[in-house]
Amino acid sequence: MTTQGPKPVLLWFRRDLRLADNPALTRARATGRPVVPVYIHDEGAAVRPAGAASRWWLDKSLRALSESLTERGASLILRRGDSEAELRRLIDQTGADTVFLNRLFEPEGWARDADIAHALKAEGVECKGYNGTLMARPGNVLNGSGGPYKVFTPFLKALLATVEAPSPMPAPQDLPGAPALDSDRVEDWGLHPTRPDWSTGFDWTPGEAGAEAALTAFVAGGLSDYGAGRDIPSRPATSRLSPHLHRGEISPWRAIAAARAAVEAGTVKASEADKFVAEIGWREFSAHLLHHFPTLPDAAFRPEYDAFPWRDDEAGFRAWTKGLTGYPIVDAGMRQLWTTGWMHNRVRMIVASFVIKDLLIDWRRGEAWFWNTLVDADLASNAQNWQWVAGSGADASPYFRIFNPVTQGQKFDADGRYIKRWCPELASLPAKWAHAPWTAPPEVLREARVRLGFDYPRPIVDHAQARDRALAALKVVTGRGQDAAQD
């Protein structure tokens, strides 16, 4: 089927589910031709299928994007199946000769996009790709030898020194009309969980408006004390932008611009904004690493760590996933994750250290659990962060840095507010004992109505012994011992 008048162009949405600061949309709109927005649910194209929590988010984000497009006179066309096949069907139906898209930089997505572009070009259809997801296109920030950076600090310095922020691109007020086309209904894709609906505790507003609201709240609140506040899990000091950034509901440059504007307005110190920019830079570092090192999610970045003698501890792993390890800060984090689809960043490090070093369970199993349960699950960030804790990644924390779950809780949740929220069975226990209930006197436990082994589990492992076991295992990799460092 072809249309009368100017040929339309296809706008292929993927991980850029927004209208503002969207280079592919801006360029498509600038043609003056009808724009056909499309999202293709191609489950076979990804390195691994999206996790359950990510699917929940996608459902809501697509609904929000569809509403925004409808307000501007365009309909979001939803298709399910092979991306190239569905694009070809749309081209046949519309007569479009151009596809606008923002590139994916994960190796599999990058290669697939190139294959599709070459195939369509041979038939007279051009694919125009842009960077709408990262601060810089991978390959544009290289070290003095022309290779990718493997250490974060020089990477960040080079990134901020060489890459200029793009000019803001407002969302279009309208989009030229396009012909009516058949479209799936998002509710038919089964992205929202049923039987049971385990998402009832998800307190999120996916979509571009939700992203902007989260950014506004963060700049007005948590940013002013971000450097210290971001480590306290009971405080709302983090941006909570990670799932919005993952789905491209907001650009990283937009978040950075808002932080820098607060500095210029005198409401935030430059040091606090710089710390936030560095955190966005760490996300960028992870994405660039994955682009250059495709095996990052599956194999140790430092190959010697693939010889690590991991343990097969199914009971320990199940206790960890359910938040029943007997270590309150670990259990609180795992329960927060299951209930809300998100976990505070400081606690993510603690729970990862516990499963890797106290239980000696392969980091890939923990990464896979996070992949399925996090609304912000991101292939590059997930793999890089888990390898950072495991000591096997680029610029990683050394393996012999072993978090003590008791002292970590005492340091970052001194009053016990976080653990008592997510482990309510400990709510009446004085803060002095809340991070190590097994050390509390019997009369204190009785008064707090805590029966260890019944109301709350005893520790599934002795941390001191587990630390010694982990350091012994490290000798298999290094050939020598290390002095344990505890935090």
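The values are calculated or read from the model by the stated rules, or taken from the named source; none is laboratory data. Predicted model only: the values in this text are computed from it and were never measured. Because the Cβ atoms are built from the backbone with ideal geometry, glycine has one as well, and the counts that use them run over all protein chains shown.
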### Query
ASN372 passes all but one of (1) of a type outside the set (Gly, Ala, Ser); (2) at pLDDT 95 or above; (3) outside any loop (DSSP other than H, G, I, E, B); (4) surrounded by 18 or more Cβ atoms within 10 Å (Cβ to Cβ); which number fails?
(4)
### Query
Based on what the data block shows, is ALA377 within 30 Å of ARG15 (Cα to Cα), free of Cβ contacts under 8 Å to residues at least 40 places away in the same chain and under 16 Å from the mean Cα position of the chain (by Cα)?
no
### Output for the stretch 10-37, where each listed residue is crowded, with 24+ Cβ neighbours inside 10 Å and either of a type in the set (Val, Ile, Thr) or at pLDDT below 95 (or both)
VAL35, VAL36
#### Entry: Scan of the stretch 431-475 for residues that are among the small types (Gly, Ala, Ser), loosely packed, with under 13 Cβ neighbours inside 10 Å and over 22 Å from GLY323 (Cα atoms), ordered by number
ALA472
### Candidates PHE13, PHE100 - the one that is among the hydrophobic types (A, V, I, L, M, F, W, C) and in contact with a Lys or Arg (Cβ under 6 Å, 6 or more places away or on another chain)
PHE100
### Message
From the list SER167, SER145, exactly one residue is free of Cβ contacts under 8 Å to residues at least 12 places away in the same chain, under 24 Å from ALA380 (Cα atoms) and either among the hydroxyl-bearing types (Ser, Thr, Tyr) or not in a helix (DSSP H, G or I) (or both). Which is it?
### Response
SER145
### Task
Answer with yes or no whether ASP395 is in a loop (DSSP other than H, G, I, E, B), in contact with a helix residue (DSSP H, G or I) (Cβ under 7 Å, 6 or more places away or on another chain), at pLDDT 95 or above and charged (D, E, K, R).
no
### Counted residues, the stretch 217-249 - those being without any contact (Cβ under 8 Å) to a residue 12 or more places away in the chain and β-branched (Val, Ile, Thr)
0
### Query
Within the stretch 200-306, which helices (runs of 4 or more DSSP H) (wholly inside it) include 3 or more residues that are closer than 26 Å to TRP56 by Cα?
208-220, 242-246, 252-264, 270-292
### Message
Quick check on this structure: which one of GLY333, GLY323 is more than 28 Å from GLY147 (Cα to Cα), modelled with pLDDT of 95 or more and in contact with a Lys or Arg (Cβ under 6 Å, 6 or more places away or on another chain)?
### Response
GLY323
### Query
Would it be correct to say that GLY109 is among the small types (Gly, Ala, Ser), outside the structural domain of PRO37 (by TED's automatic domain parsing) and touching a residue at least 60 places away in the same chain (Cβ under 8 Å)?
no
### Filtered residues of the stretch 166-194 (kept if farther than 30 Å from THR340 by Cβ, surrounded by fewer than 14 Cβ atoms within 10 Å (Cβ to Cβ) and under 26 Å from the mean Cα position of the chain (by Cα))
SER167, PRO168, PRO170
